[in-house]
1. Scan segment 83-104 and give yes if some residue there is charged (D, E, K, R), closer than 20 Å to R8 by Cβ and either modelled with pLDDT under 95 or under 18 Å from the mean Cα position of the chain (by Cα) (or both), otherwise no.
2. If you take the residues in segment 4-22 that are surrounded by 12 or more Cβ atoms within 10 Å (Cβ to Cβ) and within 15 Å of the chain's Cα centre (by Cα), which one is nearest to S141 (Cα to Cα)?
3. Within segment 320-334, is even one residue over 30 Å from N151 (Cα atoms), assigned to a loop (DSSP other than H, G, I, E, B) and of a type outside the set (K, R)?
4. Please go through (1) under 36 Å from the mean Cα position of the chain (by Cα); (2) of a type in the set (A, V, I, L, M); (3) surrounded by fewer than 18 Cβ atoms within 10 Å (Cβ to Cβ); (4) not in a helix (DSSP H, G or I) for I376 and return the number of the only condition it doesn't satisfy.
5. When you look at S168, is it part of a helix (DSSP H, G or I), assigned by TED's automatic domain parsing to the domain that holds R279 and either touching a Ser or Thr at 6+ places or on another chain (Cβ under 6 Å) or touching a residue at least 40 places away in the same chain (Cβ under 8 Å) (or both), yes or no?
6. Does segment 404-416 include one or more residues that are surrounded by fewer than 19 Cβ atoms within 10 Å (Cβ to Cβ), part of a helix (DSSP H, G or I) and not charged (D, E, K, R)?
7. Based on what the data block shows, is F139 over 22 Å from K220 (Cβ atoms), touching a residue at least 60 places away in the same chain (Cβ under 8 Å) and not basic (K, R)?
8. T294 fails exactly one of the following numbered conditions: (1) of a type in the set (V, I, T); (2) assigned by TED's automatic domain parsing to the domain that holds K51; (3) modelled with pLDDT of 95 or more. What is the number of that condition?
Amino acid sequence: MELPRGMRDIEPKESSEIEYVRQKFIETSNLFGFQFMESSPIELLSVIETKSGPSIKNEIYYFTDKGDREVALRFDFTIGITRYATSQKSMRLPAKISTFGGVWRYDEPQKGRYRFFHQWDIEIYGEPNIESDAEIIDFTSKFLTKLGLENVVIDICDRELIESYVRSIFKSDSPDVIGDILRAVDKIQKKRKQDIINEYKEKGYSVSELEQILNFSEIKGLPEEIEKQVDVRQLKNWDKILQLFDTLKNRGVNNVRINFGIVRGLDYYSGIVFEVFERNFEVGALVGGGRYDTLTKAFGRNDLGATGAAGGVERIVLLLEKQKVDTQTRKERISVVFVNDDMKKIATGIASQLRLKELPTDVDLSGKSLKKQMEIASNSKYVIIVAPKEYAENSVVIRNMRDGSEKQVKIDDMLNDVKSNLPL
C-alpha cells in the first residue's frame, strides 16, 4: 500500500525533532509575549482567493464539501490568522499572535518540502511601524539561536524600494509589468541570470533594462557598503531601512544585511521583507516574512497594519541535522524488571505508581527473561528489581545503573519518598 505522492509518515526520530523545534518556538513566543493560537485547518476557498486570486487553486488542496461549499486546506497561516484578526473589532492592539502546525500545498515535492509539512508563524497587527518589523526579525534571530543554529544570515529589503526602482528603469506604472519584473528578481536566488534573461526576452522585455534590474538585485551588504555602490538618494525608503538597521543593532541583532534580491514571492507584501539563510545550506530559505498591510485592507480593515514571518520546520530540521545540533531532550528513565512471571504483576503495579508520580518508567510487556530485561534497561538511570525473596519482605532492589550501586528499599518507603530514593 502506498501514500499519495508528496505525503509521508513522520517517523519517531523526525517527530521528536519537530517537537524540539515546536517547544523552542513556544518558549520564544512566551519570551516575546506572543499569544499562541491554532487557526482553522480548513478555510472557505473564497477567503484564500481574497488576495491570492483564482490561480491559487493550482497550488492548494481544495474540494466541495457535503454542504456544496468550496473549501480548501490551509496552505499557510497568515491568511487564516489575518481573517481572524480582522474580524476581532475589539482586539487590543498591537496584537501579537503565534502558531505552529501542519499546512498542505499541491506543489512539486522536493528535499525538505512535502505536500504536507509543518510551519511556525508569528504575526503582529496594529499601527504600521518599524519597531513591529524589527520585533518580527528580532524574534526570528533569537529563535534560530535558541534552536542552536549557527552561520545564519537575515537578508532584508523593502518592496516599495524595489518597485520604485523597477518603475524608474522600465518607465512604467503598469502593475503587470512591475509584477512580472518582481518575479524575475525573485528568481535570481534560484536560477541562472542568463536563463531569466532568455525567458523574459521571449516575453518582449528589453534585455538591457532587465540586466540593470538583475544586476541591482545581486547587490547585498551592510548599509555603508551599499552606499559606496549605489546613489541611495535615488532609492525610495532608504531612510526606513537605515532606521530598521539602527533598531536591530540596538536589540543586538547583528546577523542582518541588505539584499536587493529579496522581494518575497507572494503579492501581498507591501513594505519591509526578509528571508533567512544558512550561508552553506542549499535547500533554500529557512524563514520568510515582511509587512503585508494590503492583506488586512483586502479583508476590509484599512485601519490595521500587519507584519509577520513563517518558517518551514522540515527545512530547519534538515539544517539541525547538518549542523549536528543535539535535539534530544534526554530525560532520565526508570525501568522496573521482574525475576519471574509471578513478579510481573507486582512490577507492572509499581511502574504505574511511579508514572502517577510523573516519573518516566518502563516495564516489559511481553514476559522477556530477566537477562533480556536488564539489557534493554541498560540506558535507564535506575533499575528496580522485583524478586520473590525481597518481595516477601515488601521490598525491592534499586540498582543505580550509573555507578552500579544497589540498595534494598521497602516498596512503600520508595513510593512515599521517590525524590530521595529515585532522584532523576
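The values are calculated or read from the model by the stated rules, or taken from the named source; none is laboratory data. Not measured: the values here are computed from a predicted model. Cβ atoms come from the backbone with ideal geometry, glycine included; neighbour counts cover every protein chain shown.
1. Checked against the condition, which is being charged (D, E, K, R), closer than 20 Å to R8 by Cβ and either modelled with pLDDT under 95 or under 18 Å from the mean Cα position of the chain (by Cα) (or both), segment 83-104 yields no hits at all.
2. For segment 4-22, the residue satisfying everything is V21.
3. Of all residues in segment 320-334, those over 30 Å from N151 (Cα atoms) come to 332-334.
Remaining after also requiring assigned to a loop (DSSP other than H, G, I, E, B): 332-333.
This time we only want the ones that are of a type outside the set (K, R), so: 332.
The answer is yes; a qualifying residue exists.
4. So I376 meets the others, but not (4).
5. Yes, satisfied.
6. The answer is yes; a qualifying residue exists.
7. It is true that F139 is over 22 Å from K220 (Cβ atoms), touching a residue at least 60 places away in the same chain (Cβ under 8 Å) and not basic (K, R).
8. Going through the list (1) of a type in the set (V, I, T); (2) assigned by TED's automatic domain parsing to the domain that holds K51; (3) modelled with pLDDT of 95 or more, T294 breaks only (3).
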